[in-house]
1. Pick out the one residue from B:Gly225, B:Gly260, B:Gly233 that is within 14 Å of another protein chain (Cβ to nearest Cβ) and in contact (Cβ under 8 Å) with a residue 12 or more places away in the chain.
2. Of the residues C:Ala150, C:Ala154, C:Ala159, which is part of a loop (DSSP other than H, G, I, E, B), away from chain A (no Cβ under 14 Å) and touching a strand residue (DSSP E or B) at 6+ places or on another chain (Cβ under 6 Å)?
3. Do we find that C:Leu125 is among the hydrophobic types (A, V, I, L, M, F, W, C) and at pLDDT 85 or above in this structure?
4. Being of a type in the set (A, V, I, L, M) and over 30 Å from A:Arg208 (Cβ atoms) is the filter here, so list the residues in region A:46-75 that pass it.
5. Only one of C:Glu339, C:Glu344, C:Glu354, C:Glu399 is more than 28 Å from the chain's Cα centre (by Cα) and not hydroxyl-bearing (Ser, Thr, Tyr). Can you tell me which?
6. Go over the candidates C:Ser72, C:Ser82, C:Ser95, C:Ser44 one by one and state the one that is free of Cβ contacts under 8 Å to residues at least 40 places away in the same chain and within 14 Å of chain B (Cβ to nearest Cβ).
7. From the list A:Thr290, A:Thr278, which residue is away from chain C (no Cβ under 12 Å), modelled with pLDDT under 95 and crowded, with 24+ Cβ neighbours inside 10 Å?
8. Search region A:306-318 for residues that are within 16 Å of A:Phe39 (Cα to Cα) and more than 7 Å from every other protein chain (Cβ to nearest Cβ) and pair each with any residue that is modelled with pLDDT under 85 and assigned to a loop (DSSP other than H, G, I, E, B) when their beta-carbon atoms are under 6 Å apart and the residues are at least 6 apart or on different chains.
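The values are calculated or read from the model by the stated rules, or taken from the named source; none is laboratory data. Because the structure is predicted, anything quoted here is derived from the model rather than measured. With ideal geometry, Cβ positions are generated from the backbone for all residues, glycine too; neighbour counts draw on all protein chains shown.
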Amino acid sequence: MAEIAAPAPSPTRPKLALDGRAFLSRWGALLALVGLIAFNLAFTPNFATWQTLNVNLTQVCAIVIVGVGMTLVIATGGIDLSVGALMAIAGALAPLIFMGKLFPLPHPMVGVALAFVLPVLAAGALGWFNGWLVTRFRIQPIVATLVLFIAGRGIAQVMTNGNLQVFKAPEFQFIGLGRVFGIPFQAVLMVIVVAAAAWMLRRTLFGRQILAVGGNERAARLAGIPVGAVKRRAYLISGLLAGVAGLIVIARNSAADANLVGLGMELDAIAAVAVGGTLLTGGRATIVGTLVGALIIQLVRYTLLANGVPDAAALIVKAGIIVLAVWLQRQSHR
Amino acid sequence: MPSPAPQTVRRLSRHGVVIALLALILFGYLRYDNFLGTFNVLSVLRYNAMFALVSLGMAYVIMTGGIDLSVGSTAALGSVVAALLSPYGLVPGLLGGLAAGLAVGAVNALVITRLNILPFVATLATMLAASGCALLLAGNQSVSVSYETGFIELGQGDLLGFPVPAWIALAAFLAGAIALNLTAWGRTVLAVGGNEEATRLMGLPADRAKASVYLVSGALAGLAGVILAAQFGAGQPIEGVGWELFAIAAVVVGGTLLTGGVGSVGSTLAGVLLLGLIFNILNFENGLGQISLSAYWQSVVRGAFLLLVVVIQARLAGRTEEPA
Amino acid sequence: MSPLLSMRGIDKRFAGTPALTGASLEVAPGEVHALIGQNGAGKSTLIKILTGYHAKDAGEVLFNGRPIAFASPGEAQRAGISTIYQEINLVPYRSVTENICLGRETRRFGLLDWRAMHEEARALLARFGIAIDVRRPVMTYPTAVQQMVAIGRAIGFKARLVVMDEPTSSLDEREVAVLFDVIRGLKETGVSVIFVSHKLDELYAVCDRVTIMRDGRTVRVGAMGEVSRLDLVTTMLGRELERTLHDDARGGPARAGAGAVIEVRGLSAGPRVRDVSFDVREGEIVGLAGLLGAGRTESARVVFGADPMGGGTVRLSGRDGAPASPADAIRAGLGFVSEDRKLEGIVPGLSVRENLTLALMPQLTRAGVVDEGRTRAIVDRFIERLRIKCASPEQPIRELSGGNQQKVLLARWLCMNPRLLILDEPTRGIDVGAKAEILNLVRGLSREGLSVLMISSELEEVVEAAARVFVLRDGRTVAELDGDAVTEPAIMAAMAHGPESAEAGHG
């Protein structure tokens, strides 16, 4: 019974303690990042070097690019478990194309061009399929994307027969190894993706619709927003970006291993999104936050490693950070 | 609220998996020699016992409407602890693995019911933490078990001509079925998943039921870890990757609704065996030599199976496209 | 005879807002007691205090002569107070037996004794003349049976007091008759019933006494036979019969010759809407009145394309057929402010600006990119025009007061220049000042040519604002009042009795 139309939220400021938490949940991630950098500058030897920057950036690029797509999907109130498998598919497909194993190539450069385009489109199509399952059958996102999580890697393995595809294709590998003014190209790509997505989320109709759908699906529908189409597009983008990340990873390794490309990526991406401050139930999202979240997780790991703490302990710290971030979010946003 | 043919949904999702399993067995029996031979049957059972245990725990969690992503790394942790304790004997190894699993389950239960954090996130975090603990304890490598104390019997031994892991899984499923069907706890678990608010209003201990399933799931995952260590002769800190999703798939294929409220222990076992047999049949098919399907097809087939099941579930439940 | 239940001087505040002020309720053993009041009158809060869902701030509750304060519904249940909620609170996938017996299972050797439990469930239902397979999930049975299952559960717990919160809202007439037999049966065995309903016929059919609540207070208690229907309605709504003053502040009198923006004839949809007809002309405010559950909101949702239509005709600006979706309705020039601001109105995390332009956004974009300049201009204009109080257009809407949230939702549609605006309880849950402001605004808009269909449970509002009023009762349009005929007594009379003539035909 809608007896009390819920006590109207008072316009006055909430209590101080809550305010502190709200502040933490809004700026906490950034503060943590700054703190980590400061700590490293002070205590970690050789921290302020190009080498360190590059190592950390290359570790984090694929996670951030996938995380951007994940942020959009989570912002609609969904989740995408299939990103790692889609990376594997894109990663398996690209070498097959530029090595001419799928179809004869008129010119090697055509192969390279197609190797950029087709795998990404394939991953995008599968992403759209996820969205279709979610909207057409109202299957919960976690199950709908579980299908491709399981089958997707299998598809990649079947395509390559589980073999490691080793290659040397400098033009193609530019995406993973190339440098622009000394900065790794993948980092440039990452920044472009983050900037474009952040702009889209804030400035475009689609961005608003994503947040409205995730924030209150019923209200969005009553305001005439095509809820299904918006969701499908978010999953499509997540798929496309997973494809791009897959290409980066294989280019970096000069090899495509369908068993390993993107393994566990869904969890890394979700962790980055959560730590970055995006609401996991949808409706509030920050792309830059996801970047910051991924950087924090990477930097914590680096800091611990560089200071002699084993990698395994970093996992436990990561778990703590995730729970803390989500708990803080709950406190400020209820 | 009532969907058009809920009874059909229940029947189909409950018996569909058993029918599919029997059909698959019949297919294998007619097509391959030795498919039902003692060796094949026993090795399928031995190998799938761990997955069965993990899936059973997952089934309870899903029945309450939750999810437990930590089972895989909990099993890894259990295997490491068990391996470390195996020099002291079978029992300490067994109990150690169980205790490790229970500990992870307890953290899950606390974070979910006390901090009110979504099961998905909470268990994602404990998944990482359990994995970290396993690696730390194991020193980043697999830990050999002691072959002196009889610990490996838990994985490699036979009892009355039947593999010990299969006995353990069988016992767990029997106890699990009894707990679900013949105790108030089991019924409360299902009620919480079906309608948590109503369960509370009925005066049933909803929070306790929710917490308990994570404990059970943790303990069973720990037990699976013990068997893992005993079977392969080593505690495996990096095993268990993807187990949670295999378990979810088995539970869903077994007809348990992911939204909670409906589920069966027997069908979950059928779901595990069904997914396990797909692998087995692929092996036999390759053995025939007519076609050569790589083992990699198994995940494709499993995925396709899961797709089929969830789409059928959705259709039968009468969920339609959301307008516009 | 001493009362079975006696609640006296109950106070309850939610976040500082009083929900109950010195409310009281007394129920004798074996009595069927009606508890009525408008939305927000405090019935549910009172019941939830009784059943241990909320804790009271002040007052005393005596049950069976002993003071009680339950910590949970479970405790109340064990003490003999069972509640059957409006949305039936059963676990749909589980069997009838489980739903009846969970919480006091029969055991054998420590395990559940299903045979005995099935038997018990069967026996309990047999008392209502119901013989069904108790092993099947409760969701496979019609609502009426589910209701009986809920009642069976209550009786199984040896309840001495059964609270029924609008138990008949989803039952058909035959099912209601069965329910009443059950209630009379309960009464014979000495069980008391608190019966909450908005359907007056039912109250007179089954209840012995009545407690009427208004604004968190108990305003009248009496034997059912001594309170006339009109008394009941007027006391509930807090209106004196004599007060029929009628100022001409009323906006948008029907303009002669103005065309109908919308015409609805014989609309039916689901169980709540059976035969609804109304029309709204250009620049006119039309009220849709009726008690709770009369089908007002449901009709409006169908017209807006949010729910599917069963039968009847809808003509929108001369075009035939109801919209297929809200998007479709919006294209046809409709706007809809839902009664549930939280659930269906605001997107809490988004800013005032984003909420305000949610529906307009497609028109504010060039190649998918939002034109920030135009957006800001529009938002600023409406914030000023509607006097929305917010720190800035970027403030999250959840931080605004209810009244200001409502204004933003109004602005969401006004900026679309709609032809017809449907307002469902536009003043619910907002303070008095904001109420008046919103009503004035609506009147002003209608003078400028906007057509408005207003659903409101506050008769005063309807009478003040509307030029014509359609009264709904049990899913049917029972009266159309026009011009000077729009008075509170007339509306209440229609709500209470329906049109004296037509009713016989409908049955």
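1. Just one listed residue meets the conditions, B:Gly260.
2. Answer to the selection: C:Ala159.
3. Considered against the rule, which asks whether it is among the hydrophobic types (A, V, I, L, M, F, W, C) and at pLDDT 85 or above, C:Leu125 comes out as yes.
4. Result: A:Ala48, A:Leu53, A:Val55, A:Leu57.
5. Among C:Glu339, C:Glu344, C:Glu354, C:Glu399, only C:Glu354 is more than 28 Å from the chain's Cα centre (by Cα) and not hydroxyl-bearing (Ser, Thr, Tyr).
6. So the residue among C:Ser72, C:Ser82, C:Ser95, C:Ser44 that is free of Cβ contacts under 8 Å to residues at least 40 places away in the same chain and within 14 Å of chain B (Cβ to nearest Cβ) is C:Ser72.
7. After ruling out the rest, the residue left standing is A:Thr290.
8. If the second residue must be modelled with pLDDT under 85 and assigned to a loop (DSSP other than H, G, I, E, B), the pairs left are A:Ala306/A:Thr44.
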